[in-house]
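This report refers to the structure that appears directly beneath it.
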Amino acid sequence: MIHLYLIAFFAAFAMAILLTPLVKRFALWIGAVDRPNHRKVHTVVMPRLGGLGIFFSFLCAFVIISPALPGVDANVVRGLLLGGAVIVLLGALDDRFELSPKVKLAGQLLAAGIVTANGLKINVGLIDFPFDAAWLAGIGWIGIPLTIFWIVGVTNAINLIDGLDGLAGGVSAIATATILVLALMMGNLTVALLCAILLGSILGFLVFNFHPAKIFMGDSGALFLGFSLATLSMLGFKQATMISF
């Protein structure tokens, strides 16, 4: 199956190479730009919205490769794509209109809620606590707010480190590659496929984002990468479990 992962990776990489210049033109056209000031490193107006290139290359590559992979978990993919679409739209609006923190938090909570509604949550019963946590078995519902807290926290963590050319993308690429290797070792087809596609999308975008950057990923990219890493990392470890509603 390794050739399918390679096809997924290179399809996403190629799509990101093709789409990012178009996204750059679109960002300049609608005025989604980052203007220089005394607090910023860049000295010229920079287009944002690079996250659109990452997301749509991810989406297109998945559509291309998914028919060859009948074992993909539909719930996982639906939660990631629907939640990802919400988070990318939120970030794109923020890149253009600079939304308030309350609106951004509400959008992140909505995206995290979509993931849990599609059956993914942290199973607290499988976490190794340093104390007697048998009582947690009776409150399994606590896994849902923990899942939402984890997704929102990681989403914002990646967003906060997006301050230098290639930094958030580079860190996300390393994290994605790590989860990919773990997924392959565990035989998790769905996570391995999604990680291969996400990694290709990130590296394709980084061609335009390494110093000197030609486009910034903006909140649309940083929030999507954080959201994706939070979701995929849960799927890659025993503390995450699929549930039925």
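How many residues are β-branched (Val, Ile, Thr) and open to solvent by 10 Å² or more (accessible area, probe 1.4 Å) if we restrict to segment 191-225?
1
Quick grid of which residues meet (1) open to solvent by less than 50 Å² (accessible area, probe 1.4 Å); (2) within 28 Å of PHE208 (Cβ to Cβ); (3) at pLDDT below 85:
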| residue | (1), (2), (3) |
| --- | --- |
| ALA74 | no, no, yes |
| GLY91 | yes, yes, no |
| LYS102 | no, no, no |
| THR116 | yes, no, no |
| GLY163 | no, yes, yes |
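Just one of VAL76, VAL115, VAL103, VAL88 is of a type in the set (A, V, I, L, M, F, W, C), part of a helix (DSSP H, G or I), more than 13 Å from the chain's Cα centre (by Cα) and within 28 Å of ALA192 (Cβ to Cβ); which is it?
VAL76
Mind listing whichever residues of segment 27-41 are more than 12 Å from PHE216 (Cα to Cα), open to solvent by less than 100 Å² (accessible area, probe 1.4 Å) and either at pLDDT below 90 or of a type in the set (Ser, Thr, Tyr) (or both)?
Answer for segment 27-41, where residues must be more than 12 Å from PHE216 (Cα to Cα), open to solvent by less than 100 Å² (accessible area, probe 1.4 Å) and either at pLDDT below 90 or of a type in the set (Ser, Thr, Tyr) (or both): PRO36, ASN37, LYS40.
The values are calculated or read from the model by the stated rules, or taken from the named source; none is laboratory data. These numbers come from a predicted model, not from an experiment. Glycine gets a Cβ as well: all are built from the backbone with ideal geometry, and neighbour counts include every protein chain shown. Please note that ligands, DNA and RNA were not included when accessible areas were found on the heavy atoms of the full protein model with its side chains. Shrake-Rupley method; radii C 1.70, N 1.55, O 1.52, S 1.80 Å.
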